[in-house]
1. If you take the charge dipole of the range 53-129 about its Cα centre, with +1 on Lys and Arg Cβ and -1 on Asp and Glu Cβ, which of Ser86, Leu128, Thr67 is farthest toward its positive end?
2. Over all directions, average the projected area of the Cα convex hull of the chain and note it in nm².
3. Any idea how far apart Phe290 and Asp365 come out in nm if each label point goes 7 Å out from Cα toward Cβ?
4. Dimensions of the range 347-465 along principal axes (Cα, Å, largest first)?
5. Between Thr273 and Leu114, how high is the FRET efficiency from 1/(1 + (r/R0)^6) when r is the Cβ-Cβ distance and R₀ = 35 Å? Nearest 0.05.
6. Using only alpha carbon pairs under 8 Å that are at least six residues apart, calculate the relative contact order of the chain and give it in whole percent.
7. Under a crude label model (7 Å from the Cα following the beta-carbon direction), how far is Asp77 from Phe403 in nanometres?
8. For the range 292-370, give the percent of accessible area contributed by carbon and sulfur heavy atoms, probe 1.4 Å, rounded to a whole number.
Amino acid sequence: MRTVFDAKGAVVLTAAMIPGMAMAGGFSLNEQSASAMGTANAGAAANPQNASTVIFNPAGMTQLSGTNLSFGAAVLDIDAEADSASATNQLGQPVSGTTGGDIADPAYLPSAFLTHEMSENVAVGVGLHAPYGLAADYDDDFTGRYFADETELTGIALTPSIAVDSGNGLSLGVGVNIMYLDGKLSKFADTSGALYKLEQKGAISAQERQQLAAAPTYSNVEGDTIEYTLRIGALYELSDRTQFGLTAETGTGSSLEGDITISDFPTQNGLTTLKEEAEVPLDIPPSVTFGARHQLNDDVTLLFGATWARWSDFEELDIYSGEGGTGEVSSALRAQGQVGNPITHITEKWQDTWQYNLGATWQADPQWKLKAGYAWDESPVDSYTTARIPSQDRHWLTLGAQFAPANTDWTVDAAVGTLIFDGDAKVNEREYTHAQPTTEDGNASYTGSYDLSAWSASVELSRSF
């Protein structure tokens, strides 16, 4: 009854529920702003173009005059489907089914940012955005349905910020991400091992075991919480043409609090529904981003960026009882010899990641600016790839344009991008215990190979007044 809550617990995630394979390193989202997306976010920490600098580097607010407003939206369309899929249950018997279909639907990401120059040296701002995202949904007859079915992790972040200009080329800024998190994870539960134990104890007959095994036992975890992270930024203007930016964001560790429900759970008295309060420890990793901007001439600007994230903090994903192990789920599983502390366990053992970004802009004429960018994005998933996150290293290619109509304070940014993955994502998932996270426990398994591709588009309106 290994209920799964995959993908870093349930971190902040986009209100549109973004598929894991479309993310930037772990479950971070690239598509925060069309103006930055046009150059694949290259140099975003050193290139404050509009109010969206609130989330890339709050120190950049000091370079924006007056009041600035930016709002936009992005759409992501991901194709993610298993080319092959096979599985065995807890008794080592093959599980019949399909490859699960396309597990990702198109998703939409809104955002809004506002900055205001309080004085010559102080600026404030706020952002409303979705910095993380994850979602996937398999067909009900998926071969690996005992490992994953539906993954919906949603959330949104509000980011108030303040920045100060020292007057000698150095600006400092700080912002707080106030994040509402909501998660739902479900799968079909493998009851073959539990029913076999009941038959061996004489609690049920062989015929009853077959009848109970045919029931679609289903497990589901839902919960929410509010978390906070701190972003600190610095921006240094080396010359009129060159400047550097550096931002650091703290991580956070807490628990998503909600319920675990198992329907059609088999017992010696028949099928029943169990429900218990549950807690899922979650972590958002700390990260550091460096950016550089150099204006090559009056028309061409070069951009560079690099981001490091400490995903190695995510070693395992566990679900704990919120009732001290005395609830219906814990009690029922304990009676069948299947529960411990925690109730369920998944080994993850992610690795730290780097993302590198290169970009350039060309001021074609006073109204039009053209952009291009490339990013190499490392996947944190290493040896323990799961059906919920069939991830792989990827390349991000983007094109963008900015239109600034004459005699107005408005600018319009638009960008498109595509993700190219380094081959098919391979999943070789097994069951492990909390006590022995690297030793296989039982005969249940899922093996699959995934063909992944994605494209995205975004638009952003900005005004300075």
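The values are calculated or read from the model by the stated rules, or taken from the named source; none is laboratory data. All values reported here derive from a predicted model rather than from experimental measurement. Quick reminder, even Gly has a Cβ in these numbers, built from the backbone with ideal geometry, and neighbours come from all protein chains shown. Ligands, DNA and RNA are stripped out before the accessible areas are found, and what is left, the full protein with its side chains, is counted by its heavy atoms. Shrake-Rupley method; radii C 1.70, N 1.55, O 1.52, S 1.80 Å.
1. Farthest towards the positive end: Thr67.
2. Numbers: hull surface 84.8 nm².
Averaging across all directions leaves 21.2 nm² for the Cα convex hull.
3. Modelled inter-label distance: 4.0 nm.
4. 70, 29, 20
5. Working: r = 47 Å, r/R0 = 1.34.
Between Thr273 and Leu114 the formula returns 0.15.
6. Taking the mean separation of contacting Cα pairs over the length of the chain, I get 21 percent.
7. According to this spin-label approximation, the distance is 2.1 nm.
8. Working: 1940 of 3750 Å².
The value for the range 292-370 is 52 percent carbon and sulfur by accessible area.
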